[in-house]
Ligand SMILES: Nc1ncnc2c1ncn2[C@@H]1O[C@H](COP(=O)(O)OP(=O)(O)OP(=O)(O)O)[C@@H](O)[C@H]1O
């Protein structure tokens, strides 16, 4: 931690929830009962699977969107409208292509009503600090991705925000550029050369979080709520190979890959009320059956059972492998314990089977474990013509998910069921129909 005494809270979220109204009038809960304190001197990482509401939470902190319930307290007062103490760095850089680097960096200061002379001075100073010297008059298109994101950083930092929010700031960059920029930012922060008191970073990268953060907040999905609040006390600069580093990465991995585990640990002094576990609707990761088969085959071939190291070995990002692992787990093909993944006997049977056996096994696993498949199957059986319009399934889904997510869920469940020959899908009419089961003797 950079600041020695960090008693005052910068921003406090009290019982914050966020829901959106669906086109059909139903409410969908994105974030539920979030209690969170952001204090000076901290880098806080927000981790969680896609759709867990990380960006939504960050936007609420920034005052870009209001919470549906609860409040954001900024300097001991409820926040109304934009948070004046926050600046944001976006994944997509969000630069104006028709403005030069200097003009882009000056933008935030201009919006704050700074006089032209002082804003130029401040912008030039930040351009210098952030390593953009000599590029003041360049246009974004003339810059590499890494340099463009430097402009994003300079623009955000020029306004001297108390809290710098970053929404996956390195994920659009190549691995090396991202790593360089990450450490440069860390240098500036640790040497207190940037005028910000705290940093909130939304990320998919467990390692990124462990490298940078003083605290890691893990969000769960559907609805998003805090599942863990973990301190990272390792001194900077952290060695990825250090056993404590690896142990922490493993721990976070275990938490994320075990969504059924209840709130793991709350180490902050916040009076956080334990969230009442909501009645959860199973959320299907959007992966193809072929990927699941691929993962199972890999597990048979590889010695490595540690999920994190397996991902590393395959040069995959967390976000690439987690949905596949989650799907295999939902179908009960694999077991996960302490970050280790292993094939269950039925997973082994699946791998050993030919095409037809695999379909049969998948059919049993889907009907036994996937609630939406069960619901569709029952609906189809109940109908005389054994057909239902996809809208019916979408209506069920839209009570639990946003319209886009509902579409994604529908596509996934249709793909899975078609593969397993439980039901078919008639493209032109958008109808799902029961497959006739051929009983072989
Ligand atoms: N304006 C909106 N109206 C309806 N639903 C929304 C709106 N904004 C976000 N959502 C939904 O809220 C959920 C959470 O979105 P959010 O972008 O905060 O998640 P995230 O954890 O940042 O995801 P990712 O890692 O994929 O960026 C998603 O299912 C998204 O579709």
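Since every read-out is calculated from the coordinates, none of them should be taken as a lab result. Just so you know, these numbers come straight off a predicted model, no measurement behind them. Glycine gets a Cβ as well: all are built from the backbone with ideal geometry, and neighbour counts include every protein chain shown.
Structure notes:
- The chain - mean residue ellipticity at 222 nm from DSSP helices (-39,500 (n - 2.57) per run, n ≥ 4, rounded to 500): -12500 deg cm²/dmol
- In percent, rounded to a whole number, the relative contact order of region 289-434 is 20, using alpha-carbon pairs under 8 Å and six or more apart.
- Region 75-179: radius of gyration over Cα atoms, expressed as a fraction of 2.2 N^0.38 Å: 1.07
- Each Cα pair under 8 Å and six or more residues apart adds its sequence gap; the mean of these over the residue count of the chain is a relative contact order of 15 percent.
- Residues listed by number, region 104-144, amide nitrogen under 15 Å from residue 176 label point at 7 Å toward C-beta: 144
- Choice from 336, 392, 95 with maximal GNM fluctuation in the chain (Cα, 10 Å cutoff): 392
- Distance between region 237-256 and region 69-147 - C-alpha centres, whole angstrom: 33 Å
- Every Cα-Cα pair of region 1-149 was included, and the share exceeding 25 Å stands at 46 percent.
- Cα long-axis angle, helix 145-158 against the chain (0 to 90 degrees, to the nearest 10): 60 degrees
- Between 204, 75, 242, the GNM of the chain built on Cα springs shorter than 10 angstrom shows 242 fluctuating the most.
- Region 410-429-region 17-49 distance, computed between alpha-carbon centres (Å): 33 Å
- Helix 355-369 vs. the chain, principal-axis angle (Cα, 0 to 90°, nearest 10): 70 degrees
- Ratio of Rg to Rh over region 11-257 (Cα coordinates, Kirkwood Rh, two decimals): 0.97
- Springs between Cα atoms under 10 Å define the GNM used for the chain, and in it the highest mean-square fluctuation of 229, 128, 426 occurs at 426.
- Helix 175-190 vs. the chain, principal-axis angle (Cα, 0 to 90°, nearest 10): 40 degrees
- R0 of 25 Å, Cβ-Cβ distance residue 258-residue 435: FRET efficiency to nearest 0.05: 0.15
- Cα-based Rg and Dmax for the chain, where Dmax is the largest Cα-Cα distance (Å): 24.3, 87
- DSSP beta bridges confined to region 11-257 are antiparallel in about 55 percent of cases.
- DSSP bridge pairs, the chain: antiparallel proportion in percent, nearest 5: 65 percent
- Rg over Rh, two decimals, region 289-385 (C-alpha only, Kirkwood Rh): 1.05
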